[in-house]
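Since the structure comes first, as structure tokens, the remarks are kept for the end.
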Amino acid sequence: QVQLVESGGGLVQPGGSLRLSCAASGIIFSSYAMGWYRQAPGKQRELVAVISRFGSTNYADSVKGRFSISRDNAKNTVSLQMNSLKPEDTANYYCRGTFNMYDYWGQGTQVTVSS
């Protein structure tokens, strides 16, 4: 079956960095657009960054210049490098894979930015 498993979340101080990873199985990973989304308590889930099957990227304005998404098709992984973290980046971060009618989500990993 399809699995998207996130890792790398945790507690970090403001200004710090974290690297999230998402390992995919059960899909032809190279065919999928992959994305990171986040949801803070009481807020809607929002797009953070996406990377197409061809490697083109798009970011939410709030993270441009601080976050970087990348993919490794050989390892079936997508990563999110997060630098200069702010308290408002605190959320549960989800990995998503989409291809035509197929749409899969991971279970999420918590990121907390606090001193």
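The values are calculated or read from the model by the stated rules, or taken from the named source; none is laboratory data. On a predicted model such as this, the values are computed, not experimentally measured, just so you know. Note that we place each Cβ from the backbone using ideal geometry, even for glycine, and neighbour counts take in every protein chain shown. Protein only, heavy atoms only, side chains kept; ligands, DNA and RNA dropped before computing areas. Shrake-Rupley method; radii C 1.70, N 1.55, O 1.52, S 1.80 Å.
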Checklist entry - Being in contact with a Cys (Cβ under 6 Å, 6 or more places away or on another chain), surrounded by 15 or more Cβ atoms within 10 Å (Cβ to Cβ) and either modelled with pLDDT of 95 or more or not in a strand (DSSP E or B) (or both), is that true of even one residue in the range 50-58? => result no
Checklist entry - How about the range 59-71: which of its residues are open to solvent by 50 Å² or more (accessible area, probe 1.4 Å), outside any strand (DSSP E or B) and either touching a residue at least 24 places away in the same chain (Cβ under 8 Å) or of a type in the set (Gly, Ala, Ser) (or both)? => result SER62, GLY65
Next on the checklist: Step by step: first the residues of the range 24-49, then only those that are aliphatic (A, V, I, L, M) and open to solvent by 50 Å² or more (accessible area, probe 1.4 Å), then the one that is farthest from VAL113 (Cα to Cα). Which residue is that?
Outcome noted: ILE28
Item to check | Odd one out for ASP89, checked against (1) over 22 Å from GLN1 (Cβ atoms); (2) among the charged types (D, E, K, R); (3) touching a strand residue (DSSP E or B) at 6+ places or on another chain (Cβ under 9 Å); (4) open to solvent by 30 Å² or more (accessible area, probe 1.4 Å) | outcome: (4)
Item to check | Single unsatisfied condition, ALA23 versus (1) closer than 12 Å to ASN73 by Cα; (2) of a type outside the set (D, E, K, R); (3) out of contact with any Leu (no Cβ under 8 Å at 6 or more places or on another chain) | outcome: (3)
Checklist entry - Does ALA74 satisfy being free of Cβ contacts under 8 Å to residues at least 40 places away in the same chain, more than 12 Å from GLU6 (Cβ to Cβ), among the aliphatic types (A, V, I, L, M) and surrounded by fewer than 14 Cβ atoms within 10 Å (Cβ to Cβ)? => result yes
Checklist entry - Within the range 37-59, is even one residue under 10 Å from the mean Cα position of the chain (by Cα) and either farther than 18 Å from CYS22 by Cα or not aliphatic (A, V, I, L, M) (or both)? => result yes
Checklist entry - Of the residues that sit in the range 63-91 and are more than 14 Å from the chain's Cα centre (by Cα) and of a type in the set (Gly, Ala, Ser), which one is nearest to SER115 (Cα to Cα)? => result SER84
